[in-house]
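The structure that follows is given in the form of structure tokens.
The values are calculated or read from the model by the stated rules, or taken from the named source; none is laboratory data. Keep in mind it's a predicted model, so treat the numbers as computed, not measured. Positions of Cβ are backbone-derived with ideal geometry, glycine not excepted, and every protein chain shown enters the neighbour counts. Please note that ligands, DNA and RNA were not included when accessible areas were found on the heavy atoms of the full protein model with its side chains. Shrake-Rupley method; radii C 1.70, N 1.55, O 1.52, S 1.80 Å.
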Amino acid sequence: MEMNEILDKLPHHLMQLVINQPYNDYTSQDHAVWRYVMRQNVRYLSKVAHGSYLEGLKQTGISIEQIPHMYGMNRILKDIGWAAVAVDGFIPPAAFMEFQAYNVLVIAADIRPIDQIEYTPAPDIIHEAAGHAPIIADPVYAEYLRLFGWIGSRAFSSGRDYEIYEAVRHLSILKADPYTPAEAIIQAEKELAEAEAILETTSEMAQIRNLHWWTVEYGLIGDLKNPKIYGAGLLSSIGESYSSLQPEVKKLPYTLDAVKYNFDITTRQPQLFVTPDFQHLTNVLNEYAENMALRTGGVDGVMKAIESGYTGTCVYSSGLQVSGTFQEMIINREAPIYIRTEGPTQLCFRDRQLPGQGKDYHSHGFSSPVGKLKNSTTPLEMLSDGDLIVIGIVKGEETKLEFESGVMVEGRLDQIIRKEGKILVMSFSGCRVTFRERLLFDPAWGTYDMAVGEKIISAFSGPADPFAFKLEYPVPKEKTHKIVHSERARRLHHLYQIVRDFREQVIDTLDMEGLWKELIDDYPEEWLLPLELIELTRGKPEFHKLNEEIGDFLLKIKSTDPDIKRLVENGLALI
């Protein structure tokens, strides 16, 4: 892929989810689907979308006539400080959020099949490129998107979250494949329902994904009685963009209460939320973040890290960041007084691993007290070397530290690590750590590196220094289906290509009657290509009879299905 200064900042663990846009795999029918949807969007959304939509289409380099190439989009997006990458369908929510934090739009490379032209249960390039990209031209919204990504990527998930993610991904892959057997979809829907039915405390990620859904994906803006559309799911769905503004869809003021509303990604939404302006989105996001472990720390923060079962980070008041899989916390007087990780752990400061304090060194885990020393009014991290000597803590000598909690650390002080004047780590040899009758660290276990800090002020998902931690997101095992079209379908795509070449003046002549005869003989259910043909023959005397014949055909096919009737009538309205 073609890199630029924005994409160059993406860390390795995100780049491994990026794929090359399979541009040559798009069929001429795919381009016709894109053209139909985008023309309908511009016609309708110019009246009902937020004012930045049409200008945003121009600023982000999105063509109405054909599926955009990511390289071309990126050359234009970088002028507003953003970029785009292609991925394979749904990616893990934390990764999706982190891409946003780096000002990068994640674009699912596939495009919806024609039978899902009004609404698709899977992310596709129409949803991502034509839905998300235009609104980021608004600087206030763009900053909200970036901040949401930064906060969201630090939200704690649960094992159940990942199970639901995999079930949703599986179902969306099946539904996006027009050749999937009906029984396979029914089974996938059952598996998703079973995963969602498991009772469990709602994780931070589940809650923040609700906020993301009701704003970035399905948000309305302005007056509650006459709102405008800005959510990407609505901007990319010609069916739902219309139905969303109808009275039967309940409109609610956007507040923190939206976090309580779950959603079904595979169907249309019964209610939507209206924000008065884009700044209000940031206000609500910050209101939610105030109760996240990221900003509260303490017992609740450490407990969320433990319950997640994944790599997390706890931040001491000294600024020391401990990243690993948290397993245990000892609590006294409603505060953590001892925390323990299991397995590879790193120690960091300001998101950079401290020298010699990485996963290789702490390969079996890490444990340390939290709190103040007994009979000391000053937090340990704030003491100077002179202050330490006054209370009997001398480097190179046997030392005994007794914490207010009752945790006792006894050993030879060998090293002190400071940053910006604060003590982060004190290393001991021959060290014994106890709490009441319990042995927490035995001298035989080697060097004891003790974290220093009066409190745990923050806790968040993921390692503080992902590069040094060698973080990797698991690349989804199940790939989006590469559609294997039948010979009949490939011939139809060839007819689309001929029409496209003629419309774009790649070829000068077209046997319109011959093409039309082949189309109605072999593809009597087809409606989109006849729309393109009636547009090309309209107002041309030599094709007057053919134009009437195509019109009669469309009139007939409209009566076969109410959905097709709406699609055809919308197409004719453009012509």
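What pairs from K419/K455; K260/K455; K422/K455; K47/K78; K395/K422; K251/K304 go past 24 Å between their alpha carbons?
Pairs exceeding the cut-off: K260/K455; K47/K78; K251/K304.
Place the peptides 519-525, 152-158 in order of packing, highest mean first, counting for every residue the other Cβ atoms within 10 Å and averaging per peptide.
In descending order of packing, they fall as 152-158, 519-525.
Need one number: convex hull volume per residue for the chain, Cα atoms only, in Å³.
In the chain, the Cα hull volume divided by residue count equals 168 Å³.
On alpha-carbon atoms, Rg over Rh for the range 286-421 using Kirkwood Rh?
Ratio value, two decimals: 0.97.
Let me ask something else about it. Could you please state, rounded to a whole Å, how far the C-alpha centre of the range 268-320 is from the C-alpha centre of the range 484-554?
54 Å
So, with a 1.4 angstrom probe, what is the percent of accessible area on the range 349-425 that is carbon and sulfur?
46 percent
So how tilted is helix 182-197 from the main axis of the chain? Cα-based, degrees 0 to 90, rounded to 10.
30 degrees
Another one. Over all directions, how big on average is the projection of the convex hull of the alpha-carbon atoms in the range 201-250, in square nanometres?
Reported value for the Cα convex hull: 4.1 nm².
Compute the distance from the alpha-carbon center of the range 82-109 to that of the range 433-474, in whole Å.
Rounded to whole Å, the Cα centres lie 31 Å apart.
Now for a different question. I need the peptides 334-342, 22-30 ranked by packing, meaning the mean over residues of other C-beta atoms within 10 angstrom, with the highest value on top.
Output ranking for 334-342, 22-30: 334-342, 22-30.
Counting alpha carbon pairs within less than 8 Å and at least 6 residues apart, what relative contact order, in whole percent, applies to the range 216-305?
27 percent
How far apart, in nanometres, would the label points at L555 and Y23 be if each is projected 7 angstrom from Cα along the Cα-to-Cβ direction?
Distance between label points: 4.3 nm.
Related question: Quote to one decimal, in nm, the extra length available between R503 and N4 on full extension: 0.36 nm per residue of separation minus the C-alpha distance between them.
Taking R503 through N4 to full extension adds about 176.2 nm, to one decimal.
If a/c stays under 1.5 just call it rounded; otherwise compare a/b with b/c (prolate if a/b is bigger, oblate if not). Do that for the range 1-151, with a ≥ b ≥ c from the square roots of the Cα gyration tensor eigenvalues.
oblate
Also: Would the range 342-459 count as rounded, prolate or oblate if I go by the C-alpha gyration tensor, calling it rounded below 1.5 in a/c and otherwise prolate when a/b exceeds b/c, oblate otherwise?
It is rounded, given that a/c, with a ≥ b ≥ c, falls under 1.5.
Continuing with the same structure: I'd like the orientation of helix 278-289 relative to the chain: the angle between its Cα long axis and the longest Cα principal axis, in ° from 0 to 90, rounded to 10.
Tilt of helix 278-289: around 40 degrees.
Right, another one. So, taking all protein chains as they sit and a 1.4 Å probe, how much accessible area belongs to M15, in Å² rounded to tens?
The value for M15 is about 50 Å².
Taking a quarter of the surface of the convex hull around the Cα atoms of the range 11-94, what do you get in nm²?
Value for the range 11-94: 6.9 nm².
State the three equivalent ellipsoid semi-axes of the range 425-575, derived from the C-alpha gyration tensor as the square roots of 5 times its eigenvalues, in descending order and whole Å.
With the √(5λ) rule applied to the range 425-575, the semi-axes are 74, 18, 16 Å.
Rolling a 1.4 angstrom probe over the protein heavy atoms, how many square angstrom per residue are accessible across the range 17-87?
Value returned for the range 17-87: 37 Å² of accessible area per residue.
In degrees from 0 to 90, rounded to the nearest 10, what is the angle of the helix 487-503 Cα long axis to the longest principal axis of the chain?
Rounded to the nearest ten degrees, it is 80.
Express the Stokes-Einstein translational diffusion coefficient of the range 341-398 in µm² s⁻¹, to the nearest whole number, given a Kirkwood radius over alpha-carbon pairs, 25 °C and a viscosity of 0.890 mPa s.
Here the translational diffusion coefficient equals 178 µm²/s.
On average, how much accessible surface per residue is there in the range 222-283, in Å², for a 1.4 Å probe, leaving out ligands, DNA and RNA?
Accessible area per residue, the range 222-283: 46 Å².
Right, next: Among 412-419, 135-142, how do they line up from the highest to the lowest mean number of other beta-carbon atoms within 10 Å?
Packing proxy ranking, top to bottom: 135-142, 412-419.
Would you work out what percent of the accessible area of the range 429-575, with all protein chains in place, is carbon or sulfur (probe 1.4 Å)?
It is 53 percent, rounded to a whole number.
When the Debye formula is applied to the Cα atoms of the range 453-520, each taken as the same point scatterer, what base-10 log of I(q)/I(0) results at q = 0.13 Å⁻¹?
Reported log10 I(q)/I(0), two decimals: -0.63.
Still on this model: What is the extension gain from I185 to I564, computed as 0.36 nm multiplied by their sequence separation minus the C-alpha to C-alpha distance, in nm to one decimal?
Stretched out fully, the I185 to I564 stretch lengthens by 134.1 nm.
Per DSSP H run of n ≥ 4, the term is -39500 (n - 2.57); total these for the chain, divide by its residue number, and report the mean residue ellipticity at 222 nm rounded to 500 deg cm²/dmol.
After summing the helix terms and dividing by residue count, I get -11500 deg cm²/dmol.
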